[in-house]
1. Taking R0 as 41 Å, what's the FRET efficiency between Lys219 and Glu48 from their Cβ-Cβ distance, rounded to 0.05?
2. What are the GluC sites (Glu not before Pro) within region 106-164 that DSSP puts in a loop, where the Cβ has at most 15 other Cβ atoms within 10 Å?
3. Where nothing but the Cβ of Lys and Arg (+1) and of Asp and Glu (-1) is charged, how large is the charge dipole of the chain around its Cα centre, in debye to the nearest 20?
4. For the residues Leu98, Leu50, Leu210, what sequence is obtained by ranking on other C-beta atoms within 10 Å, fewest first?
5. Within a 10 angstrom radius of the beta carbon, how do Ser192, Ser171 rank from fewest other beta carbons to most?
6. Can you list which of the chymotrypsin sites (Phe, Trp or Tyr not before Pro) found in region 87-129 are DSSP loop residues with at most 12 other C-beta atoms within 10 Å?
7. With no solvent and one point per C-alpha, what does the Debye sum give as log10 I(q)/I(0) for the chain at q = 0.11 Å⁻¹?
8. For the pair Phe57/Asp31, report the inter-label distance in nm, with labels modelled 7 Å from Cα in the Cβ direction.
Amino acid sequence: MRTIEERTDRLEILFEGFLIEMKDFKDEMKDFKDEMRDFKDKSEKDREALHREMKNFNDAMERYRKEAEEENRRKNKEWSSLAKKMGTIVEDLIAPALRPVLSKYFSCEVEMEGQRMFKRKGGVDYEVDAIAACDNMVFMIEARSTPKVDDVNEFVEKKQRFFEFFPEYGSKELIVIFGSITFADNVISYASKKGIYIMAYREWDYMDILNFDEVNRYKL
């Protein structure tokens, strides 16, 4: 009997120990769940804080971008006004943009470029504001500070005599570009019909060809 009682006592002791361990385990699990909940809450707060910071950063960058664009437009307008007053539109506005524009629209790698190109033949003077040549094309660039429809007619007539004064480019296709600061819509439309490309500021951001597709449609 004593042996049975001793075994019963040991079982009770073991069971009590097991209950204590289970309680400790439950307490630990509760603590763990509390820690996980705190961690989750903190992570959520951190995520929201990061989201707010990223939004503030993006808003600040967007404001900076808009301010930079507006400042660039303002400087372009001021520079263009000065170039117009000084009569240096070709040198200051068109020439710096000419190579990238010709590369973009005509896949032209410029081999020769010159400004204020003058020729005299048979007592007749012939001057082109700028000429640029690549492998199979030559560009006659004319500029006016206040472009008009009559200027387009002048360039159409001038185009007819180009190879007479510059025969060295006779094997190339001649393309005429009319450059200025800005153009009225009627001048752009008329030039497109006459096959003359218009080069000017696009929304005061950069110099560009404004009627490339229109000219090509009339050529078809």
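1. So the FRET efficiency works out to roughly 0.10.
2. Values: sites: Glu109, Glu111, Glu113, Glu127, Glu142, Glu154, Glu157, Glu164; in loops: Glu109, Glu111.
Sparse-neighbourhood loop GluC sites (Glu not before Pro): Glu109, Glu111.
3. Details: 40 positive and 48 negative charges, 301 e Å.
Approximately 1440 debye in magnitude.
4. Working: Leu98 23, Leu50 10, Leu210 19.
If I rank by nearby Cβ atoms, fewest first, I get Leu50, Leu210, Leu98.
5. In order of increasing Cβ crowding within 10 Å: Ser171, Ser192.
6. For chymotrypsin sites (Phe, Trp or Tyr not before Pro) across region 87-129 that sit outside H, G, I, E and B with at most 12 neighbouring Cβ atoms in 10 Å, the list is empty.
7. Taken in order of the listed q values, log10 I(q)/I(0) reads -0.69.
8. 3.8
Throughout, read-outs are computed from the coordinates displayed, never taken from laboratory work. Quick caveat: nothing in here was measured; it's all calculated off a predicted structure. We place every Cβ from the backbone using ideal geometry, glycine too, and count neighbours over all the protein chains shown.
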